[in-house]
Amino acid sequence: MNPITSLFALFLLFISLNVQANYSQRDDVQQFIDKMVEKHGFSRDVLISKFASAKKLDGVLEAIAKPAEKVLTWKDYRPIFVTSKRIRGGNKFLQQHHETLKRAEKEYGVPAEIITAIIGVETYYGRLSGKTRVFDSLVTLGFDYPPRSRFFLSELEQFLLLTREENIDVRDIRGSYAGAMGMPQFISSSYRHYAVDFDGDGKRDLWNNTTDVIGSVANYFNVHGWRPGEMVVVPARVNKQVEETRNKLKPHTRISELASNGVFPEAAIDNDKKATLITLKGKKGKEYWLGLDNFYVITRYNHSALYAMAVYQLSQEFDAQK
């Protein structure tokens, strides 16, 4: 091959790679843009410009395939979140925002310690809210991660609506690899539906306004059915071999029926209450717990028993609980 032919071949390869990398030129992206224009009145030219600047993030595709909740056991998961530093941080957060937390607790019925633990587990009280550009994450996952493309395309739609409503440039928003944002790590649909302007300044700011963050987390739990004054989870004793249910986070069996099958709560609880048996692989072997309605509510934030238990146990370590 002569030099001129070689240069021309390299040029064609360069053009080909650029076309592949330019999301705005893909048919599936064009269809998504059509939808946003027809359904929500977006400018086609503006969306084409946004998608032309989007970057495919291979690191995001690698991370989404192995989330901690699916690859770690409780023995390894708990030490990540229930630590002396996070406990101290939570105590400081409770003191600094005492009045706001109590107002949220009074208005929404969610304990200050639970609100604080959520923020502590999610972003270390705002210190670790994510550095990935959310638009790039959602575009990558929506168009290049088939197992959950429907979910992430829906979140991409919600994200574009959110940025228009809040008058935010999509390029300015950074968050987790999966598109969660701000101190409480709300995904776009949660931000639009559950974020509140808790200080009355006319904006819902989950990045810099701790008052809005506290109110929004409390509102999220309230809407999802938090039951004020009720327990979250209780340790259980298993007297004989029982069938361990998998992935049943919602309470489904009465305490009395569980007892008749050899599963006994190690705390006083109404026999008519429904619970789900949670089995965790702890430091000393298997741990048995009975998840109640409020435990299930925590899993609405992150659909994982490990996550819900970490939030609950962190909340119990704060000084206010002792």
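The values are calculated or read from the model by the stated rules, or taken from the named source; none is laboratory data. None of the values given here were measured: they were computed from a predicted structure. Here the Cβ positions follow ideal geometry from the backbone for every residue, glycine too, while neighbour counts run over all protein chains shown.
Data overview
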| quantity | calculated |
| --- | --- |
| Boolean, Phe159 is in contact with a Ser or Thr (Cβ under 8 Å, 6 or more places away or on another chain), without any contact (Cβ under 8 Å) to a residue 40 or more places away in the chain, among the hydrophobic types (A, V, I, L, M, F, W, C) and buried (at least 16 other Cβ atoms within 10 Å of the Cβ) | yes |
| Exclusive hit being in contact with a helix residue (DSSP H, G or I) (Cβ under 8 Å, 6 or more places away or on another chain) and free of Cβ contacts under 8 Å to residues at least 24 places away in the same chain, set Ser149, Ser84, Ser137, Ser129 | Ser149 |
| Any hit, the range 58-76, residues being closer than 30 Å to Asn222 by Cβ and modelled with pLDDT of 95 or more | yes |
| Listing of helices (runs of 4 or more DSSP H) fully contained in the range 51-135 that carry 2 or more residues being within 18 Å of the chain's Cα centre (by Cα) and surrounded by fewer than 21 Cβ atoms within 10 Å (Cβ to Cβ) | 58-64, 68-71, 74-81 |
| Complete set of residues in the range 275-303 that are touching a Leu at 6+ places or on another chain (Cβ under 8 Å) and either in a strand (DSSP E or B) or surrounded by fewer than 19 Cβ atoms within 10 Å (Cβ to Cβ) (or both) | Ala275, Thr276, Leu277, Ile278, Leu280, Lys286, Glu287, Tyr288, Trp289, Leu290, Gly291, His303 |
| Some residue of the range 221-240 being surrounded by 15 or more Cβ atoms within 10 Å (Cβ to Cβ), at pLDDT 95 or above and in a helix (DSSP H, G or I) | yes |
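Residues are listed down the side, and each one gets a yes or a no for (1) modelled with pLDDT of 95 or more; (2) closer than 21 Å to Ile118 by Cα; (3) within 11 Å of the chain's Cα centre (by Cα); (4) not in a helix (DSSP H, G or I):
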{"site": "Thr140", "(1), (2), (3), (4)": "yes, no, no, no"}
{"site": "Ser149", "(1), (2), (3), (4)": "yes, no, no, no"}
{"site": "Ser154", "(1), (2), (3), (4)": "yes, no, no, no"}
{"site": "Asn167", "(1), (2), (3), (4)": "no, no, no, yes"}
{"site": "His193", "(1), (2), (3), (4)": "yes, yes, no, no"}
{"site": "Phe198", "(1), (2), (3), (4)": "yes, yes, no, yes"}
